[in-house]
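For reference, the structure is listed below as structure tokens.
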Amino acid sequence: MSRSTTAPVEPSRAALGRPPGDWGGRPVWAEIDLDAVADNVRALKRLAGPARLLAVVKANGYGHGAVPVSVAALEAGATHLGVICVDEGVQLRAAGIEAPIVVLGHTPLRQAAEVVAQGLTPTVNSLRFGLALARLASENGRELAVHVKVDTGMGRFGSTPDDCVRLADSLRHLPSLRVEGIFTHFASADEMDKEFTRRQMDLFLSACDRLPWIPIRHAAASAALLDLPETALDLARPGIAIYGYAPGTARDRVTLRPVMALKSRLARVRQLEAGESVSYGRTWRAERPTPVGLVMAGYADGLPRSLSNRGAALVRGSRVPIIGRVCMDQCIVDLTAVPDAAEDDEVVLIGAQGKGWIGADEVGELAGTISYEILTGVTARVPRLFVRGGKVVRVQTLTGEFASEPD
Ligand SMILES: *Cc1c(COP(=O)(O)O)cnc(C)c1O
């Protein structure tokens, strides 16, 4: 990197090669630990046994950054990637990723040409869609792998077992199409009671028995993989566990390392007099003289507004409460527990600091939701700093993307 005396160094570029906390732009950023992604993939692969691993990277890799997460997951041994829509697959192809990409969701007929052109692996839920894909694939002189989905109780997407068997048997004979996979999705695998999951599994296996020529059977997302590893079959399909969280009551039976930290800095520290209030609606008032800090993160960054007067942050390793309403771009914390807190101190909203820890699952619980929604809710305005070996290797911001090494 060359530095000129006239051109200012862009903060995004300047962060490359440095330790993660060194971000020099607006003080809110997400650190994405790609080594944790790799460790999680390896741990989940061990759990899946002989089954291979499809890393679910939909929704921008659960908010972490789909491309760097995909690259890290593939390097760590995942063989497939899973997305929900065609555009998400196209984004990965545009980044040069050649691994099989299964589009797990519904694809509208008019996107068939793009599916074929990009070599994505769609879920086919109608003969009409299958015929369109087969025609396009033959025209392009290609063979296209497709998957079919059985609805065994999720009641969302997929065909009944009978319809799925009929559909797969028809698709089987179409030229240029190869029915490579059959899958289902569990509705309540993250609950203690596994009875419904077992029932879904039985239904799925009996559909698979009627289609023994389909090579890849897959069913287990994170919860089932963690709690009932025998459901991994030929391909495990975890999402949230790759990002370091066990869903619902699923047991943390392997060590998962949370991947994302959401951080900020104190933009200002000041003393409130007793009786003074903070933020919209004046929902919090100082009962006594109180030191407070301004944090430059708000609900437009993904910090839920429902954390108003409920959430917490870490400053100098101590937990401090979020007071008053969370605004669009900022929020306020009570610094009574950290009397020596000073302007520019790091503030952790998700992640570790000293002995303190705030997980995305805890934030979700406080906000009345789940870790998934917290992680995917971190908006595009928040720069992603991708970390490997303790250094920032790539930065993604609203204004561009910079990598310290070509990938
Ligand atoms: C999102 C999704 C997954 C991953 O689920 P997690 O609970 O995050 O592991 C797996 N399969 C399908 C079909 C999905 O939509």
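Every residue in the range 266-305 that is of a type in the set (S, T, N, Q) and either in contact with a Phe, Trp or Tyr (Cβ under 9 Å, 6 or more places away or on another chain) or free of Cβ contacts under 8 Å to residues at least 40 places away in the same chain (or both), please.
We begin by selecting, within the range 266-305, every residue of a type in the set (S, T, N, Q); these are 271, 277, 279, 283, 290.
Listed by number, the residues that qualify are Gln271, Ser277.
Residue check: is Val57 modelled with pLDDT of 95 or more and within 16 Å of the ligand (Cβ to nearest atom)?
Working: modelled with pLDDT of 95 or more: yes; within 16 Å of the ligand (Cβ to nearest atom): yes.
Yes: the conditions hold for Val57.
Residues that are buried (at least 21 other Cβ atoms within 10 Å of the Cβ), in contact (Cβ under 8 Å) with a residue 60 or more places away in the chain and among the charged types (D, E, K, R): find the strands (runs of 3 or more DSSP E) completely inside the range 1-94 holding 1 or more of those.
On the way: elements: 28-33, 52-56, 80-83.
The strands (runs of 3 or more DSSP E) meeting that bar are 28-33.
Mind listing just one residue for me: the one in the range 95-142 that is in a helix (DSSP H, G or I) and among the basic types (Lys, Arg) and, of those, nearest to Lys58 (Cα to Cα)? Can you show your working first?
Of the range 95-142, the ones in a helix (DSSP H, G or I) are 109-118, 127-139.
Adding the requirement that they be among the basic types (Lys, Arg) leaves 110, 128, 135.
Details: Arg110: 21, Arg128: 26, Arg135: 28 Å.
Ranking the candidates gives Arg110 first.
Exactly one condition in (1) at pLDDT 95 or above; (2) in a loop (DSSP other than H, G, I, E, B); (3) within 16 Å of the ligand (Cβ to nearest atom); (4) more than 18 Å from the chain's Cα centre (by Cα) is false for Pro258; which is it?
Of everything listed in (1) at pLDDT 95 or above; (2) in a loop (DSSP other than H, G, I, E, B); (3) within 16 Å of the ligand (Cβ to nearest atom); (4) more than 18 Å from the chain's Cα centre (by Cα), Pro258 misses just condition (4).
All but one of (1) free of Cβ contacts under 8 Å to residues at least 60 places away in the same chain; (2) farther than 26 Å from Ala36 by Cβ hold for Leu228; state the number of the condition that does not hold.
(2)
Just the residues that are aliphatic (A, V, I, L, M) and either outside any loop (DSSP other than H, G, I, E, B) or more than 16 Å from Asp301 (Cβ to Cβ) (or both), please, taken from the range 324-352. Spell out the reasoning first.
Keep residues of the range 324-352 that are aliphatic (A, V, I, L, M), which gives 326, 328, 332-333, 335, 337-338, 341-342, 347-350, 352.
Residues satisfying the conditions are Ile332, Val333, Leu335, Ala337, Val338, Ala341, Ala342, Val347, Val348, Leu349, Ile350, Ala352.
Quick one: which residue in Val348, Val393, Val320, Val326 is farther than 30 Å from Thr249 by Cβ and of a type in the set (Val, Ile, Thr)?
Only one candidate passes the filter, namely Val393.
Can you spot a residue in the range 196-209 that is surrounded by 24 or more Cβ atoms within 10 Å (Cβ to Cβ), closer than 17 Å to Ala48 by Cα and not polar (S, T, N, Q)?
Looking through the range 196-209, none of the residues is surrounded by 24 or more Cβ atoms within 10 Å (Cβ to Cβ), closer than 17 Å to Ala48 by Cα and not polar (S, T, N, Q).
Mind checking whether some residue in the range 218-237 is buried (at least 21 other Cβ atoms within 10 Å of the Cβ) and among the acidic types (Asp, Glu)?
Keep residues of the range 218-237 that are buried (at least 21 other Cβ atoms within 10 Å of the Cβ), which gives 218-227, 231-233, 235-237.
The next check asks that each one be among the acidic types (Asp, Glu); those that pass are 227.
Yes - at least one qualifying residue is present in the range 218-237.
Could you list all residues from the range 217-246 that are within 8 Å of the ligand (Cβ to nearest atom) and closer than 18 Å to Cys164 by Cβ?
Once the filter is applied, which keeps residues that are within 8 Å of the ligand (Cβ to nearest atom) and closer than 18 Å to Cys164 by Cβ, the range 217-246 yields only Arg237.
Which is more than 19 Å from Gly153 (Cα to Cα), more than 12 Å from the ligand (Cβ to nearest atom) and modelled with pLDDT under 95, of Arg282, Arg253, Arg265? Steps first, answer last, please.
Details: Arg282 fails: modelled with pLDDT under 95; Arg265 fails: modelled with pLDDT under 95.
Checking each option against the conditions leaves just Arg253.
Find the residue count for the range 156-205, including only residues that are within 16 Å of the ligand (Cβ to nearest atom), in contact with a strand residue (DSSP E or B) (Cβ under 7 Å, 6 or more places away or on another chain) and among the β-branched types (Val, Ile, Thr).
Looking only at that region, the number is 2.
What are the residues in the range 241-282 that are β-branched (Val, Ile, Thr) and within 27 Å of Pro321 (Cβ to Cβ), if any? Before you say what the answer is, go through the steps one by one.
Within the range 241-282, the first condition is being β-branched (Val, Ile, Thr), and the residues that meet it are 242, 249, 254-255, 259, 269, 278.
Scanning the range 241-282 gives Val259, Val269, Val278.
Among the helices (runs of 4 or more DSSP H) lying completely within the range 144-244, list those that include at least 2 residues that are within 27 Å of the chain's Cα centre (by Cα).
195-209, 222-227
I need the full set of residues from the range 280-303 which are part of a loop (DSSP other than H, G, I, E, B), in contact with a Lys or Arg (Cβ under 7 Å, 6 or more places away or on another chain) and closer than 30 Å to His64 by Cα, in order please. Talk me through it step by step, then tell me what you get.
Step one: list which residues in the range 280-303 are part of a loop (DSSP other than H, G, I, E, B), which gives 283, 286-289, 296-298, 302-303.
This time we only want the ones that are in contact with a Lys or Arg (Cβ under 7 Å, 6 or more places away or on another chain), so: 283, 296.
Matches in the range 280-303: Met296 only.
Among the candidates Ala337, Ala367, single out the residue that is free of Cβ contacts under 8 Å to residues at least 40 places away in the same chain, surrounded by fewer than 22 Cβ atoms within 10 Å (Cβ to Cβ) and not acidic (Asp, Glu).
Ala337
Have a look at Ala286, Ala267, Ala297, Ala261 and point out the one that is in contact with a Leu (Cβ under 6 Å, 6 or more places away or on another chain) and surrounded by 20 or more Cβ atoms within 10 Å (Cβ to Cβ). Let's see the steps before the verdict.
Working: Ala286 fails: surrounded by 20 or more Cβ atoms within 10 Å (Cβ to Cβ); Ala267 fails: surrounded by 20 or more Cβ atoms within 10 Å (Cβ to Cβ); Ala261 fails: in contact with a Leu (Cβ under 6 Å, 6 or more places away or on another chain).
Criteria check complete, one pass: Ala297.
The values are calculated or read from the model by the stated rules, or taken from the named source; none is laboratory data. Please read all numbers here as calculations on a predicted model, not as lab measurements. Here the Cβ is made from the backbone with ideal geometry for all residues, glycine too, and neighbour counts use every protein chain on show.
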